[in-house]
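These notes concern the structure reproduced below.
Read-outs throughout are calculated quantities, based only on the coordinates presented, and are distinct from any laboratory measurement. As the structure is a prediction and not an experimental result, all values here were calculated from the model. Every residue, glycine as well, gets a Cβ built from its backbone with ideal geometry; the counts of neighbours run over all protein chains shown.
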Amino acid sequence: MEIFKQTNFDFLGKKWPFIILSLVLTAAGLLSLWIKGGPRYGIDFTGGALMDVNFVKRPPAEAIRSALRKKISGEIEVQEVSNSQEVLISTGARDEQALQAARTDMIDTLNATFNHSSGGKLDINNAPQSALADSLRQPLANEGVALSDDQLQALAKGITNYRDAHSGLIRNLDELSSLPGITPKILNVIKQQCFAGTFTIRSYEFVGPKIGADLRRQAINVVLIALGAMLVYIAFRFEWIYGVAAVIAVFHDTIITIGLFSIFNKRIDLTVIAALLTLVGYSMNDTIVTFDRIRENLRLGVRGSFSNIVNLSINQTLSRTVLTSGLTFLTALSLFLFGGQVLNGFSFALVVGIIIGTYSSIFIASPILIFWQNMAERRNRRPRMAAAPVENRARSAARSVKNVKPVRTAK
């Protein structure tokens, strides 16, 4: 399938605006990284705790932040998730023991702030299945509801499954009357022993500082190893200058993407590293397709300068570039707009990287090849130009010798 046929766009004639844009983005990103002291790493790389909390009603982030700062020392960050009542609460890197206790501290603080009238009852929105079953066992027996242990576990499982199917929240205990096996008497016991809290803990994760530092070092090594392996592969398949041009272009894509993360104050975590590695492969593949067409045209003996052959090759692969890059970009953009906060960093890296990676294959990698070819041609001309005066002097000397008349000596 071809969108464009026999195009003849002068891509290389328009390279300077894109090169200048790359220089500006690179400088802005590096300046931002320098001012902020490096990338803003997530808890995967720095260590810390992250709790995903879903509220019945959207609470003010400042109220959560203020309440948690009174209980938990260190950096506290509260991030609202757009178009939902979800909030991400994170703490800075601390020692292992403090991180273990961070979950309890967060839940206690949130309960004290947003669940004022619990009355010592069990929060049905945060209770695990086993705790729910244990809290109902004796009260049900006191009310004359005879349930075996298996039946009690099935009852508790049905409640937690219903809760999880509704974003982890039961807004009113009367909702449970529709569940199989819940009679009015059982529902009355549930109301006596439980209450529907105003929030639920959807997930909690923590990473120790040492593990975070190891993950950060491994992530950097993985990216560098990937770039080195691709350099060797392309140098073996084409020529070493092709490999250098491709790796410079991919390195350019990575630096600009990380710089934009710094400019927009976005965290870099393991999902972002996965996106960067994806972009490394994607951009490299796009560059290889163009390079392969350049090599093919050179083998076919296409007439014209090397610059014209490169421009022709880019035009010949234009349909493939637009199709693959365009469709991938639309998918990444949809993920960025509708994928939620958890995948925001991953999708942002893909959206930015696809745009930059596509134009770097055309306006960064290809001009490097042309620049090197022009240098090689200038080097080849110099010995010839240096040899020309020597040949001219030799011819002049020969003509002088030929014109010299012999001197006659007297006998």
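For region 311-328, a residue qualifies if it is of a type in the set (A, V, I, L, M, F, W, C), surrounded by 13 or more Cβ atoms within 10 Å (Cβ to Cβ) and under 31 Å from the mean Cα position of the chain (by Cα), and the qualifying residues are 314, 318, 322, 323. Scanning region 332-347 for residues that are in contact with a Leu (Cβ under 9 Å, 6 or more places away or on another chain) and surrounded by 21 or more Cβ atoms within 10 Å (Cβ to Cβ) yields 332, 346, 347. Exactly one residue out of 182, 241 is of a type in the set (A, V, I, L, M), over 30 Å from residue 279 (Cα atoms) and touching a Leu at 6+ places or on another chain (Cβ under 9 Å): that is 182.
Out of the residues in region 249-306 that are polar (S, T, N, Q) and out of contact with any Leu (no Cβ under 8 Å at 6 or more places or on another chain), state the one that is nearest to residue 213 (Cα to Cα).
Taking region 249-306 and keeping what is polar (S, T, N, Q), we get 254, 257, 262, 265, 271, 278, 283, 285, 287, 290, 297, 305.
Checking the rest, the ones that are also out of contact with any Leu (no Cβ under 8 Å at 6 or more places or on another chain) come to 265, 283, 285, 287, 290, 305.
Values: 265: 20, 283: 28, 285: 31, 287: 33, 290: 39, 305: 51 Å.
Across region 249-306, the extreme among qualifying residues is 265.
Any residue in region 243-264 that is over 23 Å from residue 29 (Cβ atoms) and surrounded by 17 or more Cβ atoms within 10 Å (Cβ to Cβ)? Yes, region 243-264 contains a residue that is over 23 Å from residue 29 (Cβ atoms) and surrounded by 17 or more Cβ atoms within 10 Å (Cβ to Cβ). Just so you know, in region 183-214 the residues that are within 15 Å of residue 141 (Cα to Cα) and among the aliphatic types (A, V, I, L, M) include one that is surrounded by the fewest Cβ atoms within 10 Å (Cβ to Cβ), and it is 187. For region 160-195, a residue qualifies if it is small (Gly, Ala, Ser) and closer than 18 Å to residue 145 by Cα, and the qualifying residues are 177, 181.
Looking only at residues in region 4-34 that are part of a helix (DSSP H, G or I) and of a type outside the set (A, V, I, L, M, F, W, C), the one that is farthest from residue 359 (Cα to Cα) is 32.
Any idea how many residues of region 162-192 are without any contact (Cβ under 8 Å) to a residue 40 or more places away in the chain, small (Gly, Ala, Ser) and assigned to a loop (DSSP other than H, G, I, E, B)?
Summing the residues that are without any contact (Cβ under 8 Å) to a residue 40 or more places away in the chain, small (Gly, Ala, Ser) and assigned to a loop (DSSP other than H, G, I, E, B) in region 162-192 gives 1.
In region 273-316, of all residues being without any contact (Cβ under 8 Å) to a residue 24 or more places away in the chain and of a type in the set (Lys, Arg), the one that is nearest to residue 237 (Cα to Cα) corresponds to 299.
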